[in-house]
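Heads up: the structure comes next, in C-alpha cells.
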Amino acid sequence: MSHDIPKSDIPKPNKSFSTHPHAEPVTENAWSKLNAFTDARVGLGRSGISVPTKHLLAFQLAHAQAIDAVHTQLDSNALAKALVEQDWAKDWTRNCAPLLLHSRATDRATYLQRPDYGRRLDEESAHKLDEHRASTSQSYDLAIVVVDGLSSLAVEQNTLPFLQALSGYIKGWNIAPVCFVEQGRVAIGDDVCERLNAKCVLVLIGERPGLSSPDSLGLYLTWGGKVGFTDAYRNCISNVRPAGLVYQEAARKAFYLLNEARTLKLSGVKLKDRSDDDLIVDTSQESKNFLIS
Amino acid sequence: MSKPNSTFQFKNTVGERTFGFVDLADLMAKATPARSGDRLAGVAAQSAEERAIAQMTLADVPLSLFLEQALVPYEEDEITRLILDDHDKSAFSLISHLTVGGFRDWLLSDLASSEILIQIRPGVTPEMAAAVSKIMRNQDLILVAKKCHVKTAFRNTIGLPGHLSTRLQPNHPTDDLTGIAASMLDGLLYANGDAVIGINPATDNVQQATRLIKMMDEVIQHYEIPTQSCVLTHVTNTIECIEQGAPVDLVFQSIGGTQATNDSFGFNLANLAEAQDAALSLNRGTVGNNVMYFETGQGSALSANANHGLDQQTCEARAYAVARKFNPLLVNTVVGFIGPEYLYDGKEITRAGLEDHFCGKLLGLPMGCDVCYTNHAEADQNDMDNLLTLLGVAGCTFVMGIPGSDDIMLNYQTTSFHDALYARRVLGLKPAPEFDLWLAKMEIFKNNEQFTLNHQLPDAFHKSLNRMIGGRS
C-alpha cells in the first residue's frame, strides 16, 4: 500500500525531470518555425526522445500515399482521350490517335523485380508500332512516350500541363503518334523510338515517389534511341511538378535540349545543359547562412 | 536439380540425388540466402534444397582455395589484383587450415578474441568473408561483428566499443542554404552529426560542392564542433575542389567490387590514391588522419552490368578491399536504397545489412549502415526499427540521421535524429567522446549518461534562430 511506505523510502524527484503527473509529455522545439523554410521534417518536437504521435501519423499517411502512387494503375486510356480533346495537341493527334502500349512486365510485382521486362515492349505493342510504321512514309522529328514508371499519380497530374507548355516550343515539328506505355521503364522509349524510326524520343515517366513528392515527373531525351542504349545516351530533367520544376521552366529546358540534340545529332553525356548559362548569379556571399552570419 | 557431369567443379550427393556446381562463383551464388537481385542476375539457387546443398558444399571448401581461384580474372580486374597482391600470408597462417564451415566455428569460438580478429585481418580476403557469411545466421553475424573493433579518427574518435555515431545528412532538393542550415540545426540539437555532416548535392558540380563545403566548414568552425564535413560528389570533383582551395575534410566516392563497376562510376584506384594524398596534404584532422568516406551497396555491380556472374553479396564484399586500401574514416552500406529488384522486402534488406556490416568489420572497416528503404520496396518503418536495433547490438559504427526519416532530396526514408536517440537509450550507446563533451558544453544534452536533451534552446543557438524566425518562441 503506497500510504504505508515510510517517507524516507520514496525516491526524491530528480530536479532535471518534470515529475508533475499532468506535465506536457510532448516537448515542442523552439525552432519548429524553421519548417517555413524547408520541406524537411524539422522541429518535430519529441515525446521523451521519440517522434510525437501527430507527426508519426502524418508520416504514415505520406508513406501510404507514396505506396499508392507506386501501385495504382495508370488509366492510360482516359489520359489518351483527354489529350485528344486538347486544342494545342490537334497537330499531334489529327493523323493518328495515341497508341496504348504495354511492356513485357505483366503486373506490378513482376515490374518491380524485373527491370529488364519493363524496358521492352510486349509482342502485341511491338506489332502495333511496326504496323503503324509500315502504314506511313512520315519522317518523325520526335516521339513522345508517356510511361507510368513508379508513379501513376505523377503521370496523371503532370503530363497534359507539361505537354501544353512544350507544344508552344515545338510548333512545326513532325510529332509521331503519342504513345502511352504501362509497366514501363525509361529505356522502353528507345524500343518505341527505334520501331517508329523517329529522330529523337522524349520519355515522360513517373519518378520514384518520395514522401513529400509522390507526384514527381521525369523527362528523358535520347537522340536516335535504340534498344540497348545506356543512361550515358540520355539527358534527364527531373522533379517536374507544380511544387518542383514548374511546367514552363521544364518545357524551356526540354526544348533547349531537343534543339541542341537536333543540331548536334547526339544526346547524353556529350550534350551539356547550358540552358541556365545566361543567368548570372552573384556568388560572393553565397556560402553564408543563418547559423553563422 | 542439375545433372552431374564433368563440367562441375563441385558435386554433392544427398540420398539418391547429386547436385553439381560449375565453379566457385556458381557455388557461392547458389549458397547465398535468397534475394531478388540474384534472381534478376540468374545466378540464384533454383530451389530451397539446392541452396541448402550449396551451403553444405561451400562449408567444405578450404579457405586457401580462394587464394588459388580468383572469382574475377586477375588479368582483367585491378580489384582482384589488389586482393591477391596485398594478401598477408603470415596473418592468414592462423586460419589457413580451416574450411569455410570451420571458419564459422572458429569465428564464433572464444579462440577468436577481439585481438586475434585484428591480427588475421590482412589474411582474410573479401571472398572468404562473403563465403562464411553465407552460412552464418543473423545472430552469428551480429555476435562476430561485435567482437571486431575498428577505430578511426579525424576531428573525433569513431568506432570505440559502446559507441554509435551518426552522419547528419541535411540534404535539400535545390541545395538551398537556409533549408540545409535548418536541417543541420535540427540535427545538432538532437545530438546528431559526430560521424560526419554529409550532404548529397542536388546539383553535382565543382562550384556547387565548393559552396557547400565552405558553408559546412563555417558552421563547424563557428560552433567549434568536433566533427568533419563531406560533400558526396565524384572523387574527381573533390580533387578539383581541393586544387581550388576549398576546405575539404573528407573525400567521398561510391565504390563497387569489380573494376568494371568502378569504370561505370568513372574512377579507378589511382584516382582514389590521388584524392587521398590531396586531402592528407591539407592536414585538417586534429586527432587522426582518416580522410576517406566510401559508400557501397549490394546490387551496384549488376546494375552496371559488371557482376561477372557473381552474386551481389560477393561483389559487395570485394568493394571492401577497395575501401580498406585507403584507410577510410567511414564506410557506409546504403542497404535499401537501390530498390526492390535487388533487395525485395524488409527481410532481404535486414539480412543484407547484417551481412555487409559483418563482412566490413571482419575486413577491418569502420562500417556504418544507411538503414533505409524506398517507397517501391516492401518495407516500412518497423523494418527499419528492427534493423537499426540489430545493428546497434552488433556494434555498428554509424547510422544516418535526417529530420523525421524523410530525405526530401533523394526521395527515400532512412533513420531519423530521433531514431539515433532511441538506439542510444535502449542500448546505452554513446556518441564519439569528443562530440559527447561538446554536446555537454553546448548544453544540448542535459544528461549525457541518460541521453536526455535540454528542454530549453541552448544559449549558443538563440542568436542564429532569432535572426531567422524572430523572438524566442
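Tabulated results
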item	result
Cβ-based exposure ranking for B:Val22, A:Val42, in which fewest neighbours within 10 Å come first	B:Val22, A:Val42
Descending principal axes extents, segment B:204-259, alpha-carbon based, whole Å	41, 22, 16
Residues listed by number, segment B:148-167, amide nitrogen under 20 Å from B:Val426 label point at 7 Å toward C-beta	B:162-167
Efficiency of FRET from Cβ geometry, A:Ala97 and A:Lys54, R₀ 51 Å, rounded to 0.05	0.55
Long-range Cα-Cα pairs in segment A:26-68 (distance over 14 Å), rounded percent	54 percent
Segment B:10-59: relative contact order as a whole-number percent, Cα under 8 Å and 6+ apart	38 percent
Cleavage-rule hits (GluC sites (Glu not before Pro)) in segment B:69-105: DSSP loop, at most 10 neighbouring Cβ within 10 angstrom	B:Glu75
Residue-wise HN-Hα coupling along segment B:227-235, computed from phi with Karplus coefficients 6.51, -1.76, 1.60 (Hz; x: Gly, Pro)	8, 10, 10, 7, 9, 7, 10, 4, 4
Given B:Lys134/B:Lys325; A:Lys33/B:Lys151; A:Lys33/A:Lys253; B:Lys11/B:Lys147; A:Lys171/A:Lys272; A:Lys272/B:Lys214, the pairs whose alpha carbons are separated by over 30 Å	A:Lys33/B:Lys151; A:Lys33/A:Lys253; B:Lys11/B:Lys147
Selection from A:Cys193, A:Leu56, A:Val84 lying farthest towards where the dipole of chain A points positive, charges on Cβ	A:Leu56
Order of B:Glu434, A:Glu131 - criterion: other Cβ atoms within 10 Å of each residue's Cβ, fewest first	A:Glu131, B:Glu434
Label-point gap, in nm, between B:Ala48 and A:Trp88 - each point 7 angstrom along Cα→Cβ	5.6 nm
Nearest-20 debye value, chain B charge dipole, Cβ charges on Lys, Arg, Asp, Glu	980 debye
Around B:Tyr293: net Lys/Arg minus Asp/Glu count, Cβ-Cβ under 11 Å	-1
Listed residues B:Met128, B:His87, B:Ile118: farthest to the positive end of the dipole of segment B:65-147 (Cβ charges)	B:Ile118
Other-chain or far-sequence residues with amide H under 5 Å of B:Val334's (modelled H)	B:Thr296, B:Gly297, B:Asp370
For the protein assembly as shown, size of Cβ-based charge dipole, Lys and Arg +1, Asp and Glu -1, in debye	760 debye
Value at 222 nm in deg cm²/dmol, rounded to 500, when DSSP H runs of n ≥ 4 in chain B each add -39,500 (n - 2.57)	-13000 deg cm²/dmol
Modelled FRET efficiency - R0 60 Å, B:Leu111 with A:Asn259, Cβ distances, 0.05 increments	0.30
Estimated vicinal HN-Hα couplings, Hz - segment A:251-257 in sequence order (Karplus 6.51, -1.76, 1.60; Gly, Pro = x)	5, 4, 5, 4, 5, 4, 5
Sequence-distant residues sharing a close amide H with B:Lys430 (under 5 Å, placed H)	B:His163, B:Leu164
Three-way shape call for the protein assembly as shown based on the alpha-carbon gyration tensor, with the a/c threshold at 1.5	oblate
Charge tally in the Cβ shell below 11 Å around B:Phe435, where Lys, Arg are +1 and Asp, Glu are -1, B:Phe435 excluded	0
Reference-scaled alpha-carbon Rg (2.2 N^0.38 Å with N residues) for segment A:79-215	1.02
Those aspartates and glutamates that a straight Cα-Cα span of less than 19 Å connects to B:Lys347, excepting residues fewer than 8 apart in one chain	B:Asp38, B:Asp140, B:Asp311, B:Glu316, B:Glu355, B:Asp356, B:Asp370, B:Glu378, B:Asp380, B:Asp383, B:Asp385
Angle in degrees between helix B:177-189 and the longest Cα principal axis of chain B, rounded to the nearest 10	80 degrees
Charge dipole magnitude, Cβ of K and R +1, D and E -1 - segment A:62-149, Cα centre, debye nearest 20	120 debye
Span from the segment B:417-467 Cα centroid across to the segment B:14-92 one, whole angstrom	46 Å
Contact order relative to length of chain B, as percent, for alpha carbon pairs under 8 angstrom and 6 or more apart	18 percent
Pairwise label distance in nanometres, B:Asn138 with A:Ser139, each label 7 Å out on the Cα-Cβ vector	6.2 nm
Amide H contacts of B:Thr99 (H built 1.01 Å from N, under 5 Å, at least 5 apart or other chain)	B:Leu63
Formal net charge of residues neighbouring B:Leu189 (Cβ-Cβ distance under 13 Å; K, R +1; D, E -1)	-2
Cα long-axis angle, helix B:206-222 against chain B (0 to 90 degrees, to the nearest 10)	60 degrees
HN-Hα J in Hz across segment A:204-213 - Karplus 6.51, -1.76, 1.60, θ = phi - 60°, x for Gly and Pro	9, 9, x, 7, 3, x, x, 4, 9, 8
Euclidean distance between Cα centres, segment A:42-108 to segment A:244-276, Å	25 Å
Residue-averaged 222 nm ellipticity for chain A, from DSSP H runs of 4+ at -39500 (n - 2.57), nearest 500	-10000 deg cm²/dmol
Largest-first principal axis extents, alpha carbons of chain A, Å	100, 51, 36
Distance (nanometres) between label positions extended 7 Å along Cα→Cβ at B:Tyr74 and A:Lys226	3.9 nm
Shape call, chain B: gyration tensor on alpha carbons, a/c limit 1.5	prolate
Positive dipole terminus of the protein assembly as shown, leading residue within B:Ala202, B:Gln381, B:Pro62 (C-beta point charges)	B:Gln381
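Just so you know, all these numbers are worked out from the coordinates, no wet-lab data involved. Note that this is a predicted model, so its numbers are computed, not measured. Reconstructed Cβ throughout: ideal geometry from the backbone, glycine too, with neighbour counts over all protein chains shown.
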